[in-house]
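The values are calculated or read from the model by the stated rules, or taken from the named source; none is laboratory data. Just so it is clear, the model here is predicted, and its values are computed rather than measured. Cβ sites come from the backbone with ideal geometry, for glycine too, and all protein chains shown count toward neighbours. These area figures cover heavy atoms from the full protein model, side chains too; ligands, DNA and RNA do not enter into them. Shrake-Rupley method; radii C 1.70, N 1.55, O 1.52, S 1.80 Å.
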Amino acid sequence: MSEASPRTELPGGAPDGVPAGSGPPRAPRRFVAVPVVAVVVVLAAVPLFLAPFATTTLTRLLVFGLLAVSLDLLVGVTGLPSLGHAAYFGAGAYAAGWVSIHVTAAIPVPLLVGAAVGGLTAAATGWVAVRSSGVYFLMLTLAIGEVLAQVAHSWDGVTGGANGLAGIPAARLGAEPLVNAGLLYWYVLAVGLLAFAAVWLLARSPFGAALRGIRDNEPRMRAIGYPTTLYKYGAFVAAGTVAGAAGSLLAAQQRLVTPADLGFTTAAIVLLAVVIGGVGSLWGPVVGAAIVVLVRDALGPGLGGHGELVLGIVFVLVVYLLPRGAAGLATLHPWRRGRS
């Protein structure tokens, strides 16, 4: 699923064979900062204008968008397409829901527990998975996801079995339960922005540069002394931790966690969102998640249950017309055309 590059980008430096500073043209910072600030302001103002149902749909969209960003760290930055990433999302959701029921629903305890359990689950399973690549990695992650989904089905005393973990109380900020759709939206938005910033910084750090080098040419990175398996393992655990945090937000928003939340369907849908949005861009998968949630959850009921069919058509169109996904449209900006 990764987008192969003709040049290998060396960590902390310019692409191989290309003088520093002569890489692909970048947008001036002011042209990047202005739309980012505008998007954040609009997102923050959403509950002031929309009805509670629409606000709840956007809350679900943000949760799914954060899950897609965490998968993009694995797929787009590291070059490890996964069909089991929902397992860490579901593990975080179950952990956050269980803690909310039996210990406390006070923020940020369920969030931290969900992120920790997602990361620990990824750490326990990733050491084996990252030693493979390509279709073998894909199949291993699929197997891991199915095993964990089966555990969720069978462990009735903790997960509620096939009925799911129900009765999760509303997240509490101090003594105030977030039962209002707008307050819950702001909580999810704040966590989502912080998590996105963390992933963005990680992807642009020397560690992220090494991951992109591994994605483009792992044998060469290994030959020049990089412990590539350790780097991939670090990325796998980081992605699992962010997915676990997204799962804790799901538990707060949905207040119900079922085995479907960590099964193959969720894993496939989030991978679809990453491809539609644009692999490796980080913000593109959020757009892809928005398209998926809107088509499946908002438009699907009005289409006689054919939402997933429409989603499949959208996927085919994107693959043929936008090979770089929605994020590829950014390359049509004037500053890029002017330099090409």
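Identify, please: which residue in segment 290-309 is over 22 Å from the mean Cα position of the chain (by Cα) and among the aliphatic types (A, V, I, L, M) and is, among those, nearest to ALA268 (Cα to Cα)? It would help to see each step written out before you state the result.
Of the residues in segment 290-309, the ones over 22 Å from the mean Cα position of the chain (by Cα) are 299-306, 309.
The next check asks that each one be among the aliphatic types (A, V, I, L, M); those that pass are 299, 303, 309.
Working: LEU299: 19, LEU303: 21, LEU309: 14 Å.
My answer is LEU309.
In the set ALA209, ALA181, which member is surrounded by fewer than 18 Cβ atoms within 10 Å (Cβ to Cβ), under 29 Å from VAL37 (Cα atoms) and under 23 Å from the mean Cα position of the chain (by Cα)? Write out each step before concluding.
Values: ALA181 fails: surrounded by fewer than 18 Cβ atoms within 10 Å (Cβ to Cβ).
Matching residue, one of ALA209, ALA181: ALA209.
Name the residues in segment 221-232 that are over 25 Å from the mean Cα position of the chain (by Cα) and surrounded by 15 or more Cβ atoms within 10 Å (Cβ to Cβ), would you?
MET221, TYR226, listed by residue number.
So which residues in segment 142-158 are open to solvent by 40 Å² or more (accessible area, probe 1.4 Å) and either touching a Phe, Trp or Tyr at 6+ places or on another chain (Cβ under 7 Å) or in a helix (DSSP H, G or I) (or both)?
Step one: filter segment 142-158 for residues open to solvent by 40 Å² or more (accessible area, probe 1.4 Å), giving 142-143, 146-148, 150-151, 153-158.
Hits for segment 142-158 are LEU142, ALA143, GLU146, VAL147, LEU148, GLN150, VAL151, HIS153, SER154, ASP156, GLY157, VAL158.
Among the numbered criteria (1) surrounded by 15 or more Cβ atoms within 10 Å (Cβ to Cβ); (2) within 17 Å of VAL286 (Cα to Cα), which single criterion is violated by LEU201?
Answer for LEU201: the failing condition is (1).
Scan segment 159-172 for residues that are touching a strand residue (DSSP E or B) at 6+ places or on another chain (Cβ under 8 Å) and either open to solvent by 50 Å² or more (accessible area, probe 1.4 Å) or assigned to a helix (DSSP H, G or I) (or both) and jot them down.
THR159, ARG172
Given the conditions (1) open to solvent by 20 Å² or more (accessible area, probe 1.4 Å); (2) part of a helix (DSSP H, G or I); (3) in contact (Cβ under 8 Å) with a residue 40 or more places away in the chain, and given that ALA190 satisfies all but one, which numbered condition is not satisfied?
(3)
How do the helices (runs of 4 or more DSSP H) wholly within segment 227-326 filter down when requiring 2 or more residues that are touching a strand residue (DSSP E or B) at 6+ places or on another chain (Cβ under 8 Å) and modelled with pLDDT of 90 or more: which remain?
Numbers: elements: 228-254, 264-277, 284-293, 307-321.
In segment 227-326, 228-254 are the helices (runs of 4 or more DSSP H) which contain 2 or more residues that are touching a strand residue (DSSP E or B) at 6+ places or on another chain (Cβ under 8 Å) and modelled with pLDDT of 90 or more.
Here are some residues: ARG172, ARG131. Which one is within 21 Å of LEU71 (Cα to Cα) and basic (Lys, Arg)?
Result: ARG131 is the single residue among ARG172, ARG131 that is within 21 Å of LEU71 (Cα to Cα) and basic (Lys, Arg).
For every residue, the table says whether it meets (1) within 17 Å of GLY97 (Cα to Cα); (2) of a type in the set (Ser, Thr, Tyr).
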| site | (1), (2) |
| --- | --- |
| LEU202 | no, no |
| SER205 | no, yes |
| GLY247 | yes, no |
| LEU272 | no, no |
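Quick one: PHE89 ticks every box in (1) open to solvent by 20 Å² or more (accessible area, probe 1.4 Å); (2) within 19 Å of GLY192 (Cβ to Cβ) bar one, so which box is it?
(1)
Among the residues of segment 65-78, is there at least one that is more than 13 Å from the chain's Cα centre (by Cα) and of a type outside the set (A, V, I, L, M, F, W, C)? Working first, answer last.
The first filter runs over segment 65-78 and keeps only residues more than 13 Å from the chain's Cα centre (by Cα), leaving 78.
Pick out the ones that are also of a type outside the set (A, V, I, L, M, F, W, C) and you get 78.
Scanning segment 65-78, I find at least one residue that is more than 13 Å from the chain's Cα centre (by Cα) and of a type outside the set (A, V, I, L, M, F, W, C), so the answer is yes.
Tally the residues that are acidic (Asp, Glu) and touching a residue at least 24 places away in the same chain (Cβ under 8 Å), restricting the search to segment 257-308.
Step one: list which residues in segment 257-308 are acidic (Asp, Glu), which gives 261, 297, 308.
Next cut, touching a residue at least 24 places away in the same chain (Cβ under 8 Å) only: 261, 297.
Result for segment 257-308: 2.
Kindly indicate which of VAL34, VAL103 is over 16 Å from the mean Cα position of the chain (by Cα), at pLDDT 90 or above, farther than 27 Å from LEU271 by Cβ and not polar (S, T, N, Q).
Values: VAL34 fails: at pLDDT 90 or above.
On inspection, the qualifying residue turns out to be VAL103.
This table checks each residue for (1) of a type in the set (A, V, I, L, M); (2) open to solvent by less than 60 Å² (accessible area, probe 1.4 Å); (3) farther than 23 Å from LEU193 by Cα.
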site	(1), (2), (3)
VAL237	yes, yes, no
ALA246	yes, yes, no
SER281	no, yes, no
PRO285	no, yes, no
GLU308	no, no, yes
ALA327	yes, yes, no
